[in-house]
Structures are given as structure tokens and as C-alpha cells.
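First up is the structure itself, then whatever we jot down about it.
The values are calculated or read from the model by the stated rules, or taken from the named source; none is laboratory data. A quick note: this is a predicted structure, and the numbers were derived from the prediction, not measured. Cβ placement follows ideal geometry from the backbone for every residue including glycine, while neighbour counts extend to all protein chains displayed. Note: areas computed on protein heavy atoms with side chains; ligands, DNA, RNA excluded. Shrake-Rupley method; radii C 1.70, N 1.55, O 1.52, S 1.80 Å.
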Amino acid sequence: MLGPVAPAGDCPALECEDVGVRFRAERRTVTALERITLRVPAGSLLTVLGPSGCGKSTLLRVIADIVPPHTGSMRVLGGTPEAARRARQIGFVFQDAALLPWRSALDNVRLPLEVGGRRPLPPGSKGPEELLALVGLAGWERALPHELSGGMRQRVAIARALLGGPRILLMDEPFGALDEITRDRLNEELLRIWQETGTTIVFVTHSIYEAAFLGREVLVLAARPGRVRALVPIDLPEPRRLPVRETAEFMRQAAHLRAVLETC
Amino acid sequence: MPTMQAAAPVTAEPQADPADRAERAALIRERARRILLPIAGGLSLLFVWWALVALLHVKPFIAPSPEVVAHTLYDRFGMLMANLLPTAIEAVGGFIIGNFGAVLLATLFVHRRTVELAFFPVAVLINSIPVVAKAPILLLLLGNGLAPKVAIAAIICFFPTLVNMVRGLQAVSPQAMELMHVLSASKREVFFKLRLQSSLPFLFSALKIAASTATVGAIVGEWIGSQVGIGALIVQATYNFDSALLYATVLCGSAFSVLFFLVIRLIERLVVRWDAGVAA
Ligand SMILES: Nc1ncnc2c1ncn2[C@@H]1O[C@H](COP(=O)(O)OP(=O)(O)OP(=O)(O)O)[C@@H](O)[C@H]1O
Ligand SMILES: [Mg+2]
């Protein structure tokens, strides 16, 4: 039986309890995650930082019910990850956008309406056109992915993940392949979208500055085996704008993050 | 409210400034070179052929001169076309049947790994038998007439398409599969919304090869015990030392094969619009 998905606002978005994940690969066993315990309140924006191979992607995959945990329990919106996935409460943005190349931008955003059992948009939630406008792509509805720049493709992927108004948005290094200017702009826009939609966001990144600028809290993972190294709160004046990264306060907190990261 | 907006797409034609015009002229020149140079190359080879036959006094039954071949093409056009028709029917029929079967089997292989493990090696083995060796077996099995030639053409097309299609159906990016999982898509939806489309570039590269191999299969099928068709005509012309007819027949067969290929490529360009390599 799938557990019920609790109504909004009265339980944490994510509760990780001693979650461990192992992979068996050619005679070796890799412990991707070990004893992860974590609580993410609804509506927060958590960034995840850590060296390569420390299990950041695996953590998102466990939340999205792509990989089952071997030990411990993962609660998503008070229920199982599977229940949250089937209720379409989870949006996932992959590193390489993962757009279907034969579909136009608009049809890519529409994909969630066509698979997994046809379901109408929840009342009051934004439609595909509105979401494309939200990510700044009004006028590009009919473009095919190969006609879009990397940044624009990533915007389409974000719009697709937001369709249906999921309460949790998982982002796996979504801007990792982009140039710095595009990345900065998308960072600011993501904050705007977050404030506009109230979605809980878990955002994986390799960049200390991105982690500090976006995150209200930064989860630092250590590698081999992947475990929680620290949960670092980031205190910055709201609303956050790009110039805040030039301030001494931001620099100090970023330097602290770097110091924590170096102990991983 | 969206605060930032990506630049709107350019809808109006840009003003033709001199640099733009120069670029367009260069593009046209390049395109002309690509058409004219191959024609010039072909003509020069024709000339070499003609000169060699004339200067070395090659006997007409060994190799004809180009103008004799042209004459034969013109004079016996009706007869040549009458023989091309059955070959074309066999090739196209075999192409359709063989490729259709290959796509169906590839679909089964992708969904039933046991079947793939059991039959894929057998398919590889059968395919490794040369066409000339397979043809007599099939002729014995299927008897004379149209059927064995269609079967040979079909079998020739079948394997490359099967291999490419299996690869194409499996060539889905892992992230796209994870996306479908997150969207709780059924297997059927994954097949129709994802696998089928991503296999199309693979399928078409197999179909383009199949267009010429199906023709080869039909012709080889006509080599043994057949009265009509390009293959039969080739055999007859060779035995009669009618080199002009032989060359004219081969030309007709190749022209058909090229035409077949071009039709498939045209369909590919209409269908596979997203693949930058194809669309370009
Ligand atoms: N499907 C899998 N099969 C076997 N091992 C896996 C699998 N997925 C991940 N791993 C292993 O688990 C560990 C964590 O992988 P994961 O992809 O979560 O790391 P990551 O933090 O996202 O790394 P990166 O920053 O490079 O993306 C790695 O050692 C990896 O080799
Ligand atoms: Mg990763």
C-alpha cells in the first residue's frame, strides 16, 4: 500500500532517517550513502555540496524513488517516496536537461501530462505556456531543443519539472555545464521562481558560490562512504541578489564552507 | 512576473548588408562547386573510358565504348524497363517485408531479454552466410517465381536493420529513462514516447543501406533460373558476349538502386528533423 500524501504545510518535506545505499559493481560493493539523517522543512531551499562521488546524485535519486535505500527510511511529504512520485509531487531537473530532441520546447514541457496516466493539471497551477513564460522563454514554444542554447534548454527542463506544481523540486547540477554569466542569471531566476512557487528545492552543485548564494542551508557530504559532514546555515540579507556575493559577509561564509569542504 | 526575458526569436529577415551578401554569394559558390565538380569528374572518366576503348581498339564484346552503351540504352529502353520492373518489385517488396520483420523482432528483443539471448546469435550466424550461397537454398525451398527473390531481398535487409534497431531502441539516455520513471510512465509509454523516436536515426541509417542491398539481393536471386529481371538480363548478356547490353543493364540496375536510396533519404529528412547531423 502506498502511504497517503499529507496536505501541504503540516509536515517536513523530507525526513531522512539513517538512510544507506549500496551498489554492487563487479565484485566490489560501493557504499554511496551511509547513515544519512536529515530533515528538510517544507518550502526551504537546501543546497548539497561535496566532492565528486560522495553520493549527491544518489541522495536525489532516493528521494525521487529511482533508487531504493538499503537501510533506514526516507519519508517524502510524510509518505513513501513512491507515493510522492505517483502523486507527482516531485519534479526532477537533470544535469543535461534530458529534453526529448524531437519535441518542441512546449511539447517537452507538456510531456508530464501525456505519460504516467493522463491527469489534468491541478486547479490553479500554471499551464505549459505560462511556465515557459515563467522561465523567460515566451516566444520559443515551437523551437526544437537543438535550436536552443544550453541555458535555454535548462530553462525548458525547469519548466517541465514545475508542471503540475510539484511540492518538491530536485535539481542535480542543473547549471553545471553552463557558462558563468548564464549560470548567474539562472541562479537569480531560480530564487525568483522559488519565491513565486513556494516549492521545496534540493539543489546539488559543485560550486561553493552557487551553494552559498542559493542555499538557506548547505548540506556538505563527505565521500567514501557518502555521509553528512555538516549542515551549514547561510545567513544573508533577503531578498538575495547577485551583488551580495561581493560583500564581505558572503565571502566569509563561502570561506567557511570551503574550509568545511576541505575536511571531506 | 518574469523579470528577465531571453531575447525574442528573430522573425523579420535581417537587412541585407554587404557582408551578409558576400557570405550568401560564397555559400552559392560552394553549393555550385558541390554540384558541378562531381559532374565534371564523371564526364572526365567517361572521356577516359571512351579514349581507352578507341585508342586500344578494344573488341566490342570485351568492353563497349560509352556511345554504344548510350545507343543500346536508347534503342532497347522498353525492354530494359520491362526487366527492371520485376527486379524493382522484388527489391521493394523484400525491403518492406525484411525491414518490417526486423523492426518487429527488435521490439521483441528489447522487451524480452530471453528471446534476444536465444535468437540473436542464430540471426548473426544466418546473416554471415554469403548471399550467393543462400540464394540456391532459398530457390530450392521457395521454388521459381517472384517469391524466392523477394525472400532473398528481405533476408538481406533483415539483419542490418535488426542490429541497428536493437541498438537504436536501447540507445535511450539513462537520464531520459530516469525522467520517465519519475513521471511514473508505463513501459508502453516509454516505448512509444521515447524508444521509438530515439531509434529512428539508427533505423534510417540501416534503411539507407538496405535500399541498395535489397536491390543486390533481388538481382542475385534472378541469376539462377529466371527468365526476366535485371539479374537474368545480366546473365544472358554475359553469355551472349553482348557487352553493350550488359553495361546498359547494369546502369539501369544502379540507377534504380540510387533512386531507391534517395527516396529513403528524402523520407529520413522529412521524419528525423531533430537530428542536427541529418537535418543539416
Ligand atoms: N548505478 C550505480 N551502480 C554502481 N555504482 C553507482 C551507481 N550509481 C552511483 N554509483 C556509485 O556511488 C557513488 C556515488 O555516486 P553519485 O553519482 O551519487 O555521486 P555524486 O556525488 O553525484 O558525484 P558527482 O559529483 O561526480 O556527480 C559513486 O562512487 C558511484 O560510483
Ligand atoms: Mg552526480
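Only residues that are within 12 Å of ligand 2 (Cβ to nearest atom), of a type in the set (Val, Ile, Thr) and within 14 Å of chain B (Cβ to nearest Cβ): list them for region A:42-66, please. A:Thr58 - this is the single residue of region A:42-66 that is within 12 Å of ligand 2 (Cβ to nearest atom), of a type in the set (Val, Ile, Thr) and within 14 Å of chain B (Cβ to nearest Cβ). Considering (1) outside any helix (DSSP H, G or I); (2) touching a Leu at 6+ places or on another chain (Cβ under 8 Å); (3) over 26 Å from A:Leu137 (Cβ atoms), the lone condition that A:Arg224 does not fulfil carries the number (2).
Counting only residues that are open to solvent by 20 Å² or more (accessible area, probe 1.4 Å) and at pLDDT 90 or above, which one in region A:53-65 is nearest to A:Glu173 (Cα to Cα)?
A:Ser57
Filtering A:Ala157, A:Ala138 for residues that are closer than 26 Å to A:Thr58 by Cα and within 10 Å of chain B (Cβ to nearest Cβ) leaves a single hit, A:Ala157.
Being part of a helix (DSSP H, G or I), closer than 23 Å to B:Lys134 by Cβ and open to solvent by 20 Å² or more (accessible area, probe 1.4 Å) is not true of B:Phe192.
Consider region A:197-226. How many of its residues are away from ligand 2 (no atom under 16 Å from the Cβ), away from chain B (no Cβ under 14 Å) and open to solvent by 30 Å² or more (accessible area, probe 1.4 Å)? Result for region A:197-226: 4. Kindly check whether there is at least one residue in region A:89-103 that is without any contact (Cβ under 8 Å) to a residue 24 or more places away in the chain and within 11 Å of chain B (Cβ to nearest Cβ). No, that holds for no residue. The residues on offer are B:Met165, B:Met180, and the sole one that is more than 14 Å from chain A (Cβ to nearest Cβ) and at pLDDT 90 or above is B:Met165.
Looking at region A:1-113, the strands (runs of 3 or more DSSP E) lying wholly inside it that each contain 1 or more residues that are over 21 Å from B:Glu189 (Cβ atoms) and more than 16 Å from ligand 1 (Cβ to nearest atom) sit at A:14-25, A:28-40, A:45-49, A:71-76.
Do you know which of the residues in region A:165-183 that are over 21 Å from A:Ile90 (Cβ atoms) and away from every other protein chain (no Cβ under 11 Å) is least open to solvent (accessible area, probe 1.4 Å)? Even if it seems obvious, please write down each step before you answer.
Filtering region A:165-183 down to residues over 21 Å from A:Ile90 (Cβ atoms) leaves A:177-183.
Then keep just the ones that are away from every other protein chain (no Cβ under 11 Å); that gives A:177-181, A:183.
Values: A:Ala177: 85, A:Leu178: 30, A:Asp179: 84, A:Glu180: 141, A:Ile181: 123, A:Arg183: 47 Å².
Per the criteria, the residue is A:Leu178.
Residue-level check: of (1) open to solvent by 30 Å² or more (accessible area, probe 1.4 Å); (2) more than 17 Å from A:Pro101 (Cβ to Cβ), B:Ala153 misses just (1). Is it fair to say A:Ala83 is small (Gly, Ala, Ser), open to solvent by less than 40 Å² (accessible area, probe 1.4 Å) and more than 16 Å from ligand 2 (Cβ to nearest atom)? It is true that A:Ala83 is small (Gly, Ala, Ser), open to solvent by less than 40 Å² (accessible area, probe 1.4 Å) and more than 16 Å from ligand 2 (Cβ to nearest atom).
Residue by residue, here is whether (1) hydroxyl-bearing (Ser, Thr, Tyr); (2) within 30 Å of B:Ser243 (Cβ to Cβ); (3) open to solvent by 60 Å² or more (accessible area, probe 1.4 Å) holds:
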| position | (1), (2), (3) |
| --- | --- |
| B:Phe61 | no, yes, yes |
| B:Glu67 | no, yes, yes |
| B:Met81 | no, yes, yes |
| B:Gly98 | no, no, no |
| B:Gly101 | no, no, no |
| B:Thr107 | yes, no, no |
| B:Val110 | no, no, no |
| B:Thr114 | yes, no, yes |
